[in-house]
Amino acid sequence: MAKQDVIIVGAGLAGVSTAYALRERGHDVLVLDAHEGPALETSFANAGALTPSEPEPWNAPGVHWQLLASLPDPHSAMKLRLAPLPGLLPWGLKFLANSSRKRFEAASLANFALSRYSLGLTQRARDAHKLEFANLARGTMKVCRDARALEPAHQASQALADAGLRFEILDRAAVTAREPLLSDVANDLAGAIFYPDDESGDAHRFTVSLADVARQAGVRFEYNSPVSSLIDRAGRITGVRTPTEEIEADQVILTTGHATRGLLAPLGLHIPVRPVKGYSLSLDMSGLNQRPSLPVVDEALHAIVTPLGETLRIAGTAEFAGEDRTLRAERIDNLRQLLTRLYPALAEQLLPGEQKPWCGFRPMSADGRPFIGETRADGLWINTGHGHLGWTQAMGSAGLLAALLDGEPAPVPAAPFSAKRF
Ligand SMILES: Cc1cc2nc3c(=O)[nH]c(=O)nc-3n(C[C@H](O)[C@H](O)[C@H](O)COP(=O)(O)OP(=O)(O)OC[C@H]3O[C@@H](n4cnc5c(N)ncnc54)[C@H](O)[C@@H]3O)c2cc1C
């Protein structure tokens, strides 16, 4: 096989966006993925929220108390499991060490800049290629049941106001004016924050459509092609090995999500990214006369209800369970309960119908920021570790990596995302 300019391993949101960005710049790109198509791993059925308004890492100050409290509680929004704990320990200690107020605020600002830039590129690609992915540009609403929760959420948004975050505090009347379907539960809510610039859409449909655009522009995709190792010639990465062949390239980019760690470890590169499991439940709402008009985030439950065309998706929760793919009934039950607590009438109509439960592994970095750029091994780049922001930041991370690879000025500050910081 002819030598490639660039090989990208992984065809999820990160990989396909990166392929698209590099092809736009004229690179000759080959994408390899172990699955039979794009976005079949974590990018398959996420919550669909494009939310620059949610840049805060999940290791917020006080997270250790939350994790400890979760041990005996099967329904806790953030759930730590004991069995995988030994394997999680070094990463977990870094995760806790990064939960200081100062680091948390710095990571939030850096993520906000990347997310905003990313949303602009997502809109540009949508408009340029007429991509259909049940996109809504109606903002998101974060509801709080308790006035004590509204205040910190307000403060967190205020901290980003100077950086450009727009938001509006809503009282109960304003909540139901914006989303009339919440009127049944308005009395249970203390209020909400509305973020007018957020959007939403089906990440799987977006990735499939963008892969198609990239393919038509000349990117080659090889599916059912698991990469078993990287070719290392005296510290320079010169290609990849699959079970059937070796493929050489000038540059290799790993967009392999939570699996990146396994490909880097034989090179002595130990990336602090671990899987944090999340769940979603998709319901068919094609028969409904009245549908939710925008995504609603339930702050306390780390969960969100998003209308995605004919589908209503309830998603969220964080489970520190290693690579255990079990779809736990109680976690899916949490999502059903969330729907019932937000939209009781809808729950009554939709829950007797078909339910599609799913779980996926967010590639979560210990310091709450993704890794984007060249690693300490020459010729080897990574674009991963986006945690709960992988859809929001996909196009921007790709744009940043492409600029760095071409030796151009970074479109957003690149240092917080350096791939040499571990
Ligand atoms: C429940 C849930 C809700 C979420 N909600 C949101 C949201 O609302 N908004 C948001 O911004 N983000 C959200 N996220 C996060 C987002 O979905 C992820 O960050 C994102 O999908 C990660 O994309 P990725 O391309 O890095 O990884 P993946 O989608 O996992 O893609 C990695 C690809 O690499 C391939 N691969 C791995 N190893 C190899 C190998 N050795 N050889 C070949 N191929 C390989 C895999 O097959 C896979 O296709 C959510 C996540 C979950 C779980």
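Computed from the coordinates by the stated procedures, all read-outs in this text should not be read as laboratory data. Everything numeric in this text was worked out from a predicted model, so none of it was measured. Cβ: placed from backbone, ideal geometry, glycine included. Neighbour counts: every protein chain shown.
Positive-end ranking of L339, T317, L294 along the dipole of the range 289-349, with charges on Cβ about the Cα centre, is headed by L294. Remark: the range 1-144 carries a charge dipole of roughly 460 debye about the Cα centre, counting +1 on each Lys and Arg Cβ and -1 on each Asp and Glu Cβ.
Magnitude of the charge dipole for the range 290-422, about its Cα centre and with charges confined to Cβ atoms of Lys, Arg (+1) and Asp, Glu (-1), is about 120 debye. Mean-square fluctuations from a GNM of the chain, with a 10 angstrom spring cutoff on Cα atoms, peak among A265, A300, A377 at A265. Summing Cβ point charges (Lys, Arg +1; Asp, Glu -1) relative to the Cα centre of the chain gives a dipole of roughly 720 debye. Whole-Hz Karplus values for the range 76-85 come out as 4, 4, 10, 10, 9, 9, 6, 4, x, 4 Hz, taken residue by residue from phi with 6.51 cos²θ - 1.76 cosθ + 1.60 and θ = phi - 60°; glycine and proline positions read x.
Placing a label point 7 Å from the Cα of Q290 along the Cα-to-Cβ direction, the residues of the range 160-199 whose backbone N falls under 15 Å from that point are 175-187. Highest mean packing first, where packing is the average number of other Cβ atoms within 10 Å per residue, the peptides 203-209, 163-169 line up as 203-209, 163-169. Lys and Arg at +1, Asp and Glu at -1: add these up for the other residues within a Cβ distance under 9 Å of D298 and post the number. That works out to +2.
What the Cβ-Cβ distance of E105 and H270 gives, at R0 = 22 Å and to the nearest 0.05, is a FRET efficiency of 0.25. H154 to R325: extension gain in nm, 0.36 nm per residue of separation minus the Cα-Cα distance? Value of the extension gain: 58.0 nm.
In the Gaussian network model of the chain, springs joining C-alpha atoms below 10 Å, which of A192, A77, A217 carries the largest mean-square fluctuation? Largest GNM mean-square fluctuation: A217. Springs between Cα atoms under 10 Å define the GNM used for the chain, and in it the highest mean-square fluctuation of P38, P272, P344 occurs at P344. Each residue of the range 243-258 was assigned a 3J(HN,Hα) from its phi angle through the Karplus expression (A = 6.51, B = -1.76, C = 1.60, θ = phi - 60°), giving x, 10, 7, 10, 10, 8, 7, 5, 9, 10, 10, 9, 10, 9, x, 5 Hz with x at Gly and Pro. For the listed residue pairs K102/K277; K94/K420; K94/K142, the alpha carbons are over 22 angstrom apart in K102/K277; K94/K142. The ranking of S286, S115 by Cβ neighbour count inside 10 Å, starting from the fewest, reads S286, S115. Extension gain for the segment A83 to A161, taken as residue separation times 0.36 nm less the Cα-Cα distance, is 23.9 nm to one decimal. Extension gain for R341 to D232 (0.36 nm times residue separation, less C-alpha to C-alpha distance): 33.9 nm.
Listing L13, L401 from fewest to most neighbouring C-beta atoms within 10 Å gives L401, L13.
For the chain, the ratio of Cα radius of gyration to the globular rule of thumb 2.2 N^0.38 Å stands at 0.95.
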